[in-house]
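Following: one structure in C-alpha cells, then a few remarks.
The values are calculated or read from the model by the stated rules, or taken from the named source; none is laboratory data. This one's a predicted model, so the numbers in the text were calculated from it and none came from an experiment. Here Cβ is always computed from backbone atoms with ideal geometry, including for glycine, and neighbour counts include all displayed protein chains.
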Amino acid sequence: MPPTILHIDLDAFFVSVEQVLNPALRGKAVIVGGLSGRGVVASASYEARRFHIRAGMPVITARLLCPHAIFLEGNFPLYRSYSREFMDILSGFTPLLETGGLDEAYLDLTGFHLLYGLPVDTAKNIRAIIRKELGLAASAGISTCKVVSKIASDMAKPDGLLEVLPGKEREFLAPLEVEKMPGIGAKTGKRLKELGIHTLGQIAELPPHLLKDIFGKWGESMQLFALGKDDRPVEPPGEAKSIGHEITFPRDTLSLSYLKSVLASLSEEVGRGLRSAHPMCGPPGQTAGRTGESKRARTITLKVRYDDFETFTHSITLRLAIDTNQEIYQIAWQLMEKAIRQKRKPFRLLGISVSNLVCGEEQLSFFSAQQLRQRRLDRTVDKLRLKYGLDSLQWGRTFSRQ
Ligand code: DCP
Ligand code: CA
C-alpha cells in the first residue's frame with residue numbers, strides 16, 4: 001500500500017486571524033507587517049497579493065505597491081493561540097502528525113481509508129472543521145510523499161484541495177517552476193536558471209551526480225524530489241530521529257571567533273532540544289513537561305556551507321551518548337577544525353545536528369564529577385530560560401555574535 005500523506009496549510013494565516021476578529025477587514029487588501037520591529041511583510045491577504053505584495057518584502061515597498069492596503073502591526077500571542085487550536089484539531093485525527101511551523105502540518109493517513117473512507121474525504125472533513133471551529137481557510141495537498149503534498153497544497157491555494165494520485169507525481173511536478181520546490185529559494189533558483197534549468201521536469205531529467213556536484217547532498221535530494229521520490233517519514237514531535245539547528249550568517253566569514261560563537265549558540269540550541277526543555281521541540285506552546293523524556297545523542301554532525309553554496313557534513317559517532325552543551329560544542333569544534341583544514345573558503349552557514357538518540361539516564365557512575373556539574377548547570381539554565389525567557393541568560397562564548 002503506498003503511503004498517504006496530507007499536507008495542510010492555513011491561508012494567509014496572520015491576516016486571516018485578523019479578519020476573523022474584525023469582519024470589516026474581509027475581502028480587502030490587508031497586510032500584517034512590522035512584527036517584532038522587522039519592517040517586512042509577514043502575511044498578505046490574497047487581495048493584496050494581486051498588487052505583487054509578498055511575505056518578506058519591506059513594508060515600505062508594500063506601501064508603494066498597494067497604498068490603499070490596510071496595514072496592521074500584528075499580534076503574535078494571538079496567532080500562537082490560534083495555531084495551538086489548529087494543531088489540536090489535527091491531532092484529533094491522527095497522532096502521526098508533524099508540525100512545520102505555526103500554520104502547517106503533515107499527517108500520515110496511510111491505511112486510513114479502511115476505516116474512514118477516501119483520503120480526499122478525510123481532508124475535506126478536516127478543512128470543514130477548521131473553517132467551522134476557527135473561521136479559517138486551510139488548503140490541503142494529498143499524495144504519496146511529503147514534498148509532493150506540500151507543493152500540491154501550495155498549488156491548491158487559496159481555500160483548495162489537490163490530490164496527486166500514486167504514480168502521477170513526476171507528471172504533476174514536471175511543468176512547475178523550480179522555485180515551487182520547498183528549499184529552492186531565489187538564489188538557488190537563479191543558479192539553476194544560469195544552468196538553463198527552469199522546471200522541475202528538467203531537474204528530473206538531469207544526469208545523476210550533476211546537481212550533487214554543485215549543491216552537495218541537497219542537490220541529490222532535489223533530483224529525487226523532482227522525480228516525486230521522498231521517503232522522509234512524517235515525524236511526530238518527541239519521536240524525532242535527530243535534533244538540529246542551523247544558522248545562515250548575515251555575511252560570509254572566516255573569522256574564528258565568530259564561528260566559535262555560532263557553534264556555541266548552536267550547541268546550546270541542540271543541547272536544549274535534547275534535554276527537551278525548549279518549547280520549539282514540540283508543537284507550538286508545548287512545554288518540557290509534555291515533550292517527554294530527555295534524550296542523549298551518540299552521533300554529532302556538523303554541516304558547513306561555503307560562500308559558493310558547496311555544502312558538506314562531518315560526523316562523529318561516540319561510544320557513550322552525550323547531552324551537555326559543552327560536550328556538543330567540543331565535538332562540533334573538532335569537526336569544524338577538520339572542515340577548516342580541508343578548505344579555506346568563507347563560510348555561509350553552520351549547522352549542528354545530533355542523532356542516534358537514546359532515552360533515559362545513563363548510569364551515573366559513567367560520568368566524571370566535572371560532567372555531572374555540567375549536566376546540572378545545563379538543566380538549571382534550561383529551567384531559568386523557560387521561566388524568564390531565552391535572553392535571560394547568556395554564555396560568554398556566544399556574546400560576540402550579538
Ligand atoms: N510569516 C512571517 N514572515 C515570513 C513568512 C511567514 O512572519 N517571511 C508568518 C506569517 C504567516 C505565517 O508565518 O501568516 C505562515 O506563513 P506562510 O508562508 O504559510 O504564509 P501565509 O499563511 O500568510 O500565506 P499562504 O496562504 O501562502 O500560506
Ligand atoms: Ca500558510
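Remarks
- Looking across the range 1-15 at every residue that is of a type outside the set (Val, Ile, Thr) and within 10 Å of ligand 2 (Cβ to nearest atom), the one that is nearest to LYS157 (Cα to Cα) is identified as ASP11.
- Scanning the range 107-138 for residues that are part of a strand (DSSP E or B) and more than 20 Å from PRO3 (Cα to Cα) returns a single hit, ALA138.
- Candidates in the range 343-387 are the residues that are surrounded by 18 or more Cβ atoms within 10 Å (Cβ to Cβ) and of a type in the set (Val, Ile, Thr); of these, the one that is modelled with the lowest pLDDT is VAL381.
- Of ARG232, ARG251, all but one fail to be part of a strand (DSSP E or B) and either without any contact (Cβ under 8 Å) to a residue 24 or more places away in the chain or surrounded by fewer than 15 Cβ atoms within 10 Å (Cβ to Cβ) (or both); the exception is ARG251.
- Test: residue in the range 104-117 that is surrounded by fewer than 16 Cβ atoms within 10 Å (Cβ to Cβ), modelled with pLDDT under 95 and of a type in the set (A, V, I, L, M, F, W, C): yes
- Pairs where the first residue, in the range 2-23, is over 23 Å from ALA123 (Cα atoms) and the second is of a type in the set (D, E, K, R), C-beta under 9 Å, 6+ apart: GLN19/ARG26; GLN19/LYS28
- For the range 66-88, the set of residues classified as surrounded by 17 or more Cβ atoms within 10 Å (Cβ to Cβ) and aliphatic (A, V, I, L, M) consists of ALA69, ILE70, LEU72, MET87, listed by residue number.
- Test for GLY244: is it surrounded by 14 or more Cβ atoms within 10 Å (Cβ to Cβ) and either farther than 22 Å from GLU310 by Cα or touching a residue at least 60 places away in the same chain (Cβ under 8 Å) (or both): yes
- Boolean, GLY33 is near ligand 1 (Cβ under 10 Å from one of its atoms) and touching a residue at least 60 places away in the same chain (Cβ under 8 Å): no
- LEU176 of a type in the set (A, V, I, L, M), touching a Lys or Arg at 6+ places or on another chain (Cβ under 9 Å) and touching a residue at least 12 places away in the same chain (Cβ under 8 Å): no
- In the range 88-106, of all residues being assigned to a helix (DSSP H, G or I) and out of contact with any strand residue (DSSP E or B) (no Cβ under 6 Å at 6 or more places or on another chain), the one that is nearest to ALA123 (Cα to Cα) corresponds to ILE89.
- When GLY27, GLY37 are checked against the criterion of being more than 13 Å from ligand 2 (Cβ to nearest atom), on the phi > 0 side of the Ramachandran plot and modelled with pLDDT under 95, a single residue qualifies: GLY37.
- Looking across the range 60-80, the residues that are out of contact with any helix residue (DSSP H, G or I) (no Cβ under 9 Å at 6 or more places or on another chain) and modelled with pLDDT under 90 come down to PRO77, ARG80.
- Annotation: of all residues in the range 40-52 being under 18 Å from ASP103 (Cβ atoms) and touching a helix residue (DSSP H, G or I) at 6+ places or on another chain (Cβ under 7 Å), the one that is farthest from ligand 2 (Cβ to nearest atom) is VAL40.
- Taking strands (runs of 3 or more DSSP E) as the structural unit, those lying wholly within the range 5-60 and holding at least 1 residues that are in contact with an Asp or Glu (Cβ under 6 Å, 6 or more places away or on another chain) and closer than 20 Å to GLY185 by Cβ correspond to 5-10.
- For the range 93-119, a residue qualifies if it is away from ligand 2 (no atom under 16 Å from the Cβ) and of a type in the set (Asp, Glu), and exactly one does: ASP108.
- Applying the set (1) within 10 Å of ligand 1 (Cβ to nearest atom); (2) crowded, with 23+ Cβ neighbours inside 10 Å to LEU6 leaves exactly one unmet item: (1).
- Among the residues making up the range 173-216, those that are assigned to a helix (DSSP H, G or I) and of a type in the set (A, V, I, L, M) are LEU173, VAL178, ALA186, LEU192, LEU200, ILE203, ALA204, LEU210, LEU211, ILE214.
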